[in-house]
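Written below as structure tokens is the structure these notes are about.
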Amino acid sequence: MKKIESLNLGQRLYTTLLLAIVALVSVTALTVAWFSIASRTNVYNFDLYVTAGPSLRIDLDAHSEFDQYSQTLSFDQIANRVSSVYGYDMRTVPIKPVTTRDAKTFTFQNGTVVETAEGAYWECPLHFMASDDMIVHLSAENSPGKEDGTLVSSSISDLPYSMRICFETDGQTMVYSPRNTNFLPNDVIFRKIYLQFNNNQVYNEGSLLFPLKGNQDKLVTLRVWMEGTDEACTDELKSADFSIRLRFEGTDEEGNRITLRRRY
């Protein structure tokens, strides 16, 4: 009997030790990708250009007429609005690595919830209006003679892979990642956007953001963050710069572009 108890005790000690090793490995695996969060992260050179096709326009405020909206929003316009709403300047406050399950609530590596006003991630309302009923897509395709397609770029080649861009409207949340793969666990509760980087982009479910009724304002919440759990989010990204450019395209239900119809 004592021999059996001794064996059982040994097995329990072995199991406990094994679990401890597994836990240690798991924690290590989870923390490898994160910045050293105690250090200041100087990823702050954020250039954001938001453009839309001629039949689709955007603004930071809601309006009653299509012509009151713009085809382009600059980073300064967005930064000034964020500063007036949340009290921090996107041009000087460094973005920091965070993580999220629903693209709404964000936490640091230690589990502390991040308030929007801290500036660790960015949030801004965008208002859309179209000249006709359409489906709005995120587009990596450039306009003729321009370089305006959706693009995340940086002096550090891996940095774009750590970035996430969220669009929330009508109770739906869509997230784009330049990694274009399964970039977060399968239990996340949002739809992933995938883009084709060529000038023959096919507009389909992969790029679809939301439907838009003609001459009706739609509020879309834009969020941008650096995903701390991404394998690219390491200390090598410190003091890097990056830029983000967003382009939106309007199509019919078959994915054909909608051109502006002049009203007389």
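Brief remarks follow.
- Just one residue in the set 37, 4 is open to solvent by 90 Å² or more (accessible area, probe 1.4 Å) and modelled with pLDDT under 95; that residue is 4.
- The single condition from (1) surrounded by 17 or more Cβ atoms within 10 Å (Cβ to Cβ); (2) in a helix (DSSP H, G or I) that residue 135 fails is (2).
- Odd one out for residue 187, checked against (1) open to solvent by 80 Å² or more (accessible area, probe 1.4 Å); (2) charged (D, E, K, R); (3) at pLDDT 70 or above: (3)
- Any hit, segment 149-163, residues being at pLDDT 85 or above, over 15 Å from residue 230 (Cβ atoms), of a type in the set (Phe, Trp, Tyr) and not in a strand (DSSP E or B): no
- Filtered residue count, segment 64-94, keeping only those that are under 23 Å from residue 148 (Cβ atoms), open to solvent by less than 60 Å² (accessible area, probe 1.4 Å) and assigned to a loop (DSSP other than H, G, I, E, B): 3
- Residue within segment 167-178 that is assigned to a loop (DSSP other than H, G, I, E, B) and surrounded by 15 or more Cβ atoms within 10 Å (Cβ to Cβ) present: yes
- Within segment 238-264, if we keep just the residues that are polar (S, T, N, Q) and modelled with pLDDT of 85 or more, the residue that is most open to solvent (accessible area, probe 1.4 Å) turns out to be 256.
Per-residue answers, yes or no, for (1) hydrophobic (A, V, I, L, M, F, W, C); (2) under 18 Å from residue 75 (Cα atoms):
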position	(1), (2)
90	yes, yes
106	yes, no
111	no, no
141	no, no
149	no, yes
157	no, no
165	yes, yes
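- Taking first residues from segment 83-98 that are at pLDDT below 90 and partners that are exposed (fewer than 14 other Cβ atoms within 10 Å of the Cβ) and in a loop (DSSP other than H, G, I, E, B), the Cβ contacts under 8 Å between residues at least 6 apart in sequence or on separate chains come to 94/40; 94/42.
- Filter pass, residue 251 being closer than 15 Å to residue 56 by Cβ, in contact with a His (Cβ under 7 Å, 6 or more places away or on another chain) and of a type outside the set (A, V, I, L, M, F, W, C): yes
- Filter result (within 29 Å of residue 213 (Cβ to Cβ) and either among the hydrophobic types (A, V, I, L, M, F, W, C) or touching a Leu at 6+ places or on another chain (Cβ under 7 Å) (or both)) within segment 99-122: 103, 122
The values are calculated or read from the model by the stated rules, or taken from the named source; none is laboratory data. If you're wondering where the values come from, they're calculated on a predicted model, not measured in any experiment. Reconstructed Cβ throughout: ideal geometry from the backbone, glycine too, with neighbour counts over all protein chains shown. Ligands, DNA and RNA are stripped out before the accessible areas are found, and what is left, the full protein with its side chains, is counted by its heavy atoms. Shrake-Rupley method; radii C 1.70, N 1.55, O 1.52, S 1.80 Å.
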